[in-house]
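Peer 1: Here it is, the structure in full.
The values are calculated or read from the model by the stated rules, or taken from the named source; none is laboratory data. These numbers were taken from a predicted model, which means no experiment stands behind them. As a convention, Cβ positions derive from the backbone with ideal geometry for all residues, glycine included, and neighbour counts pool all protein chains shown.
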Amino acid sequence: MIAFGGNALLRAGQKGTYKEQMANVESACSGLVPLIKDGYHIVIGHGNGPQVGNELLRQEAGNKVYGLPVMPMDYCGAETQGGIAYLLETGLHRALESAGMDRPVVSVVTRVVVSAEDPAFRNPTKPVGPYYPQAPQDGATYREDPGGRGWRKVVASPKPLEVSNIGIVEKLAREGNIVITVGGGGIPVLADGTGVEAVIDKDLASALAAVKMKASEFHIFTDVPYVCINFHKPGEKALETMTVAEARQYLEEGQFTEGSMAPKVRAALFFMENGGDACNISKTRIIP
């Protein structure tokens, strides 16, 4: 199981044009060719933070200029899942073709079940969409940005419980297909299929998918080469390996930033503690 970050597809300082994202995707996909040559069956998850942010901005502009309806977060998640999956399918096709390989690539638009009782719904913290000079009175929850950029909508980030159709994803992968799934952490739904205003952590959703498929390895691709302790501080140290016990200790010490490396380490621990053999966060190897 491989998890691409949203920033692997749309990098800092870029506008998010088709050409920019396609170039980023081709670069990321070329890095998978050695794994495919080694005979790995591969399933890919991906983030969608920058893309869904842009989608919300487009909806805001469309609503103001043309009166188009603003769609809920679950719908925006589905839209970006499909769009990013198309880019990944194209990038993989080109990377494989350049390597003289032919492997089918298939995308599965994936719903992920969360609980309505999840505490995250009582305290939404995940910022999404544009900044406003004042908090709109539209029934949503807004928080003021600490950097003074204005007010921004926040939604819940509940724990993923079930990945819909994961059995089909596993079957496709074990038959030799490269499968793209749980995009953006999956479309957040309740057990009855009702979509909710939420964003699921894509690394934890990918880890859950990996556990359900009994994957042997889980790789999280990030924009830094190694997991570090004392990051950007005196005594900074890049970690080539990290045991499960060390990862737990570093989390307790607050070595990893929330919203950045901490969720990735938690996802790695979830995988390792639920039957996984090994996990990489970039080049850092997590071992038992």
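Peer 1: In region 210-252, which residue that is crowded, with 23+ Cβ neighbours inside 10 Å and touching a helix residue (DSSP H, G or I) at 6+ places or on another chain (Cβ under 6 Å) is nearest to G5 (Cα to Cα)?
Peer 2: Only one residue tops the list, namely I220.
Peer 1: Can I ask one more? State the number of residues belonging to region 49-62 that are surrounded by 18 or more Cβ atoms within 10 Å (Cβ to Cβ) and of a type in the set (D, E).
Peer 2: 1
Peer 1: When you scan region 63-82, do you find a residue that is under 20 Å from A173 (Cα atoms), surrounded by 18 or more Cβ atoms within 10 Å (Cβ to Cβ) and in the same structural domain as Y18 (by TED's automatic domain parsing), even just one?
Peer 2: yes
Peer 1: So which pairs qualify, if the first residue must be in region 86-97 and touching a residue at least 40 places away in the same chain (Cβ under 8 Å) and of a type in the set (D, E, K, R), the second must be in a helix (DSSP H, G or I) and surrounded by fewer than 21 Cβ atoms within 10 Å (Cβ to Cβ), the Cβ gap must be under 6 Å, and the two must be at least 6 apart or on different chains?
Peer 2: Matching pairs, first to second residue: R94/E26.
Peer 1: Hey, does region 188-198 have a residue that's surrounded by 24 or more Cβ atoms within 10 Å (Cβ to Cβ) and either among the β-branched types (V, I, T) or in contact (Cβ under 8 Å) with a residue 24 or more places away in the chain (or both)?
Peer 2: The answer is yes; a qualifying residue exists.
Peer 1: I'd like to check which helices (runs of 4 or more DSSP H) are fully inside region 1-102 and have at least 2 residues that are among the acidic types (D, E) and within 26 Å of K264 (Cβ to Cβ).
Peer 2: 18-30, 73-98
Peer 1: Pull up region 33-48, narrow it to residues that are surrounded by 14 or more Cβ atoms within 10 Å (Cβ to Cβ) and out of contact with any strand residue (DSSP E or B) (no Cβ under 7 Å at 6 or more places or on another chain), then point me to the one that is nearest to N177 (Cα to Cα).
Peer 2: By that ranking, first place goes to H41.
Peer 1: Please work out which residue is modelled with the highest pLDDT, limiting yourself to region 98-143 and to residues that are over 30 Å from K37 (Cα atoms) and of a type in the set (S, T, N, Q).
Peer 2: Ranking the qualifying residues of region 98-143, first place goes to S115.
Peer 1: Within region 192-200, can one find any residue that is β-branched (V, I, T), touching a Gly at 6+ places or on another chain (Cβ under 6 Å), closer than 14 Å to S115 by Cβ and modelled with pLDDT of 95 or more?
Peer 2: There is at least one residue in region 192-200 that is β-branched (V, I, T), touching a Gly at 6+ places or on another chain (Cβ under 6 Å), closer than 14 Å to S115 by Cβ and modelled with pLDDT of 95 or more.
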